[in-house]
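Structure, as structure tokens:
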């Protein structure tokens, strides 16, 4: 830490020049540190922007996943309804023709298979949605941490400026 002499102890021109050099060195050191911190703040702001863009992309994927899941659920409900209707018709058709009964049984089997496949796809989409939600939460947490660090750095420099230890920089105005 640089310690300057009080004005009352500076008696010679050499002392005054020495004290001015020390003060200039301290000012230059603080200015360099301020530039480094300003660059770091800029880098953090860029990273926050990147994370926000990534979050938007994740949200779009999440929304598309929900839409797909809803479409599959609707298809599944239709298949269930079709299956129920086919089973009701089976009793009436059974009396008419044995061959038609076998055809309807095959149709029911295929419907159940499709329903199971749709159920598997639905489960996969739900898993994907949960994963995307988790990733969104992580991104929100990262943004919060970066914002907190950025606020602390800004508060530090604001305090330094209020204490008149630093001249205000153009990038902070």
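What follows is calculated from the coordinates using simple rules that are stated; it is not laboratory data. Please read these numbers as outputs of a predicted model, since none were measured by experiment. A quick note on method: Cβ atoms are made from the backbone with ideal geometry, for glycine too, and the neighbour counts reach across all protein chains shown.
Quick notes on this one:
- Structure-based [θ]222 nm, the chain - -39500 (n - 2.57) summed over DSSP H runs of at least 4, per residue, nearest 500: -33000 deg cm²/dmol
- Between the helical axis of 98-162 and the longest alpha-carbon principal axis of the chain there is an angle of about 10 degrees.
- Annotation: extensible slack from residue 161 through residue 26 equals 47.1 nm (criterion: 0.36 nm per residue apart, minus Cα-Cα distance).
- Gaussian network model of the chain, springs between alpha carbon atoms under 10 Å - residue of 137, 48, 101 with greatest fluctuation: 101
- As a calculated quantity, the FRET efficiency between residue 68 and residue 144 at R0 = 25 Å, using C-beta atoms, amounts to about 0.25.
- Its Cα gyration tensor gives region 12-79 an equivalent ellipsoid; the semi-axes, largest first and in whole Å, are 65, 5, 4.
- Centroid-to-centroid separation of region 6-48 and region 91-123 [C-alpha atoms, Å]: 83 Å
- Fraction of the pair-distance distribution of region 56-172 above 26 Å, Cα-Cα pairs, percent: 56 percent
- With each label modelled as a point 7 angstrom along the Cα→C-beta vector, the residue 97-residue 9 pair spans 11.4 nm.
- Computed label-point distance, nm, for sites residue 43 and residue 113 using a 7 Å Cα→Cβ extension: 5.9 nm
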